[in-house]
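A.B. asks: Supplied in structure tokens, the structure appears directly below.
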Amino acid sequence: RIPGIVQKSPYLILATFGLGFIICAYGTTKIIIDTNIAEMFKQGHPITAAVEIVDQNMSGVQNMEIMIDTKESDGMLDSQLLTAIDNLQERILSRYPDIIGKTNSLANIVKNTNRTMNDDNSDYYKIPESNQAISQLLFMFNSANPEDRRNLVSDDYSRSHITVTVKNLGSYEYKTLFNDISVDVKNTFAEVKTNFPELDVNLTGSLPTLMVMADEVANSQFSSFSLALLIVSLIMILTLGSLRGGLMGMVPNAIPAFLAFGLMGLFGVPLDTDTLLIAPIILGIAVDDTIHFMTHYRIELAKTRSIATALESAIKEVGQAVMFTTMVIGLGFSVLSFSDYLGMAKVGFFGSMAIFVALLCDLLLIPAMILVFKPKFGVKNVNAEINF
């Protein structure tokens, strides 16, 4: 039946797959790379529940450290610098109230100690204008809590840090937050640099590290897939001995991956370190079936010198085997859709869908392309008449 269907409507088949490719290509423009630890598991999973409890009761699950190095001994005793730190904390808390749980720094210690030394008068919950007053307050705090002091500032008072506790978000939102706070840091300490020309301020901690690590893994996987697609295309061209045939063979291999990514983009499913595995897996499976089909077609074309006969033989001989293996692999992938680990579940759902689309590409799209473009793979005196 398949040869007859392809013979009757090759252009309709090409148009249908072409339209699907355009829609999915549009969907890929909507994709964002985002890794969220809590969203990797279903609602109610112990890990997801633990993250929610920490967010609600302990300010947040991630920390970001703003490291400040004045390069000068006793630099952190400067009133202007501590005021800038305090202003930065207030700006961060006011701009991101739903994201930031709390902030803590040497400025908090100075303000708390200043208030305590003045009978807990709230009017004194501020940074003193005198550097000497700040030095005396920190001397008293250090005498009572030397370990707490060491956690906030170096022994020579040249280096300190601001701890920013952040609630659970995805790496995409973290990246936006990281960039916004970087701008805030730059603007806040711009004036202070007149007193500390070698002032060095950097953002570090678990949040930036995880954010960069997740995005680097995702971006490297995406780049690796693009490179693999190029290499496989060259291998197809060399294997089939034809530029046209090799490029034709890669079209049905690229479409399933674009379908998976396109649907993810259209439905707002972000790419993460798990879902990016779909593309190389599908490419490997689809290429295997395509090579079997195209190689059989080329061999039969050399024997019969008839496009119709070679194509019919390829569909009947290879098509049945490809169908059974794809069904088994696709159903095997679909089982992963029931996993509690949502990253694996998405791989199973979109992967199985892409595998079945790859089957349709092998059984319908490749024959339709052969009928329209009539690749001959260097075989001479080929009968191009199509009559199944």
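A.B. asks: No solvent, one uniform scatterer per C-alpha: report log10 I(q)/I(0) for the stretch 101-199 via the Debye equation at q = 0.18 1/Å, two decimals.
C.D. replies: Cα-only, vacuum Debye calculation for the stretch 101-199: -1.03.
A.B. asks: I need the fraction of alpha carbon pairs in the chain separated by more than 26 Å, rounded to a whole percent. All intermediate terms of the calculation are to be shown ahead of the outcome.
C.D. replies: Values: 48267 of 75078 pairs.
Of all Cα-Cα pairs in the chain, 64 percent lie more than 26 Å apart.
A.B. asks: Percent relative contact order of the stretch 133-273, based on C-alpha pairs within less than 8 angstrom and at least six residues apart? Spell out each step's value before the answer.
C.D. replies: Working: 49 pairs, mean separation 22.6, N = 141.
Value for the stretch 133-273: 16 percent.
A.B. asks: Between the stretch 186-211 and the stretch 121-160, what's the alpha-carbon centroid distance in Å?
C.D. replies: About 20 Å separates the Cα centre of the stretch 186-211 from the one of the stretch 121-160.
A.B. asks: Provide, as a two-decimal number, the C-alpha radius of gyration of the stretch 126-182 over 2.2 N^0.38 Å, N being how many residues it has.
C.D. replies: Working: Rg = 16.3 Å, N = 57, 2.2 N^0.38 = 10.2 Å.
Taking the Cα Rg and dividing by 2.2 N^0.38 Å, one obtains 1.59.
A.B. asks: For the stretch 4-108, what log10 I(q)/I(0) values come out of the Debye formula at q = 0.13, 0.15 1/Å, with one point per alpha carbon and no solvent?
C.D. replies: These q points yield log10 I(q)/I(0) values of -0.77, -0.87.
A.B. asks: Oh, and also: For the stretch 222-238, just list the computed ³J(HN,Hα) in residue order, Karplus coefficients 6.51, -1.76 and 1.60, θ = phi - 60°, integers in Hz, with x standing in for Gly and Pro.
C.D. replies: Karplus-based 3J(HN,Hα) across the stretch 222-238 equals 5, 5, 5, 5, 4, 5, 4, 4, 5, 5, 5, 4, 5, 5, 4, 5, 5 Hz.
A.B. asks: Using Cα pairs closer than 8 Å and at least 6 residues apart in sequence, work out the relative contact order for the stretch 31-128, in percent. Display every interim value, and only then the final one.
C.D. replies: Values: 58 pairs, mean separation 18.1, N = 98.
Reported relative contact order: 18 percent.
A.B. asks: Another one. Quick one: divide the alpha-carbon radius of gyration of the stretch 288-366 by 2.2 N^0.38 Å and tell me what you get. Before the final figure, lay out each step's value.
C.D. replies: Values: Rg = 15.7 Å, N = 79, 2.2 N^0.38 = 11.6 Å.
Working it through for the stretch 288-366, the quotient is 1.36.
A.B. asks: Contact order normalised by length for the chain, with contacts defined as Cα pairs under 8 Å and 6 or more residues apart; what percent is it? List each step's numbers first, then the result.
C.D. replies: Values: 569 pairs, mean separation 99.6, N = 388.
Relative CO of the chain lands at 26 percent.
A.B. asks: With label points built 7 Å along Cα→Cβ from the Cα atoms of residue 8 and residue 323, find their separation and express it in nm.
C.D. replies: Output for this residue pair reads 1.6 nm.
A.B. asks: Need the C-alpha centroid separation for the stretch 219-253 versus the stretch 9-46, integer Å.
C.D. replies: Each part's Cα centre sits 21 Å from the other's.
A.B. asks: Compute the Cα gyration tensor for the stretch 147-212, then decide on rounded, prolate or oblate, letting a ≥ b ≥ c be the square roots of its eigenvalues: rounded whenever a/c is under 1.5, prolate when a/b is larger than b/c in the other cases, and oblate in all that remain. Working shown, then result.
C.D. replies: Details: a/c = 2.89, a/b = 1.38, b/c = 2.09.
Oblate, since a/c reaches 1.5 and b/c is not below a/b.
A.B. asks: Take the Cα atoms of the stretch 235-285, find their three principal axes, and give me the spread along each one in whole Å, biggest first.
C.D. replies: Principal extents (Cα only, largest first): 40, 19, 12 Å.
A.B. asks: Here's something else I'd like to know. Any chance you could tell me what percent of the C-alpha pair distances in the stretch 48-171 go past 20 Å? Can you show the working numbers first?
C.D. replies: On the way: 3629 of 7626 pairs.
So the pairs more than 20 Å apart make up 48 percent of the total in the stretch 48-171.
A.B. asks: Sequence-distant or interchain residues sharing an amide H contact under 5 Å with residue 166, placed H: which?
C.D. replies: For residue 166, whose amide H was placed from the backbone, the distant partners under 5 Å are 61, 62, 63, 64, 101.
A.B. asks: Here's a follow-up. I need 176, 28 ordered by Cβ neighbour count within 10 Å, fewest first.
C.D. replies: Values: 176 13, 28 18.
Fewest-to-most ranking of 176, 28: 176, 28.
A.B. asks: Now a separate question. I'd like the orientation of helix 46-57 relative to the chain: the angle between its Cα long axis and the longest Cα principal axis, in ° from 0 to 90, rounded to 10.
C.D. replies: 30
A.B. asks: Give a residue-ordered list of calculated ³J(HN,Hα) values for the stretch 180-195 (Karplus: 6.51 cos²θ - 1.76 cosθ + 1.60, θ = phi - 60°; whole Hz; x for Gly, Pro).
C.D. replies: 5, 5, 4, 5, 4, 4, 4, 5, 5, 9, 4, 6, 5, 5, 5, 8
A.B. asks: From the mean inverse distance of alpha carbon pairs (Kirkwood) and the Cα radius of gyration, derive Rg over Rh for the stretch 1-56.
C.D. replies: 1.43
A.B. asks: Taking a quarter of the surface of the convex hull around the Cα atoms of the stretch 221-360, what do you get in nm²?
C.D. replies: On the way: hull surface 33.9 nm².
Over every viewing direction, the Cα hull of the stretch 221-360 projects on average to 8.5 nm².
A.B. asks: In deg cm²/dmol and to the nearest 500, what is the mean residue ellipticity at 222 nm of the chain if only DSSP H runs of at least 4 residues count, each as -39500 (n - 2.57), divided by the residue total? Show your work: numbers first, answer last.
C.D. replies: Numbers: 14 runs with 247 residues, N = 388.
Taking each H run of at least 4 residues, the total per residue is -21500 deg cm²/dmol.
Each value in this text was obtained by applying a stated rule to the coordinates, not by laboratory testing. Just so it is clear, the model here is predicted, and its values are computed rather than measured. Counting neighbours? That spans all protein chains shown, and the Cβs are built from the backbone with ideal geometry, glycine included.
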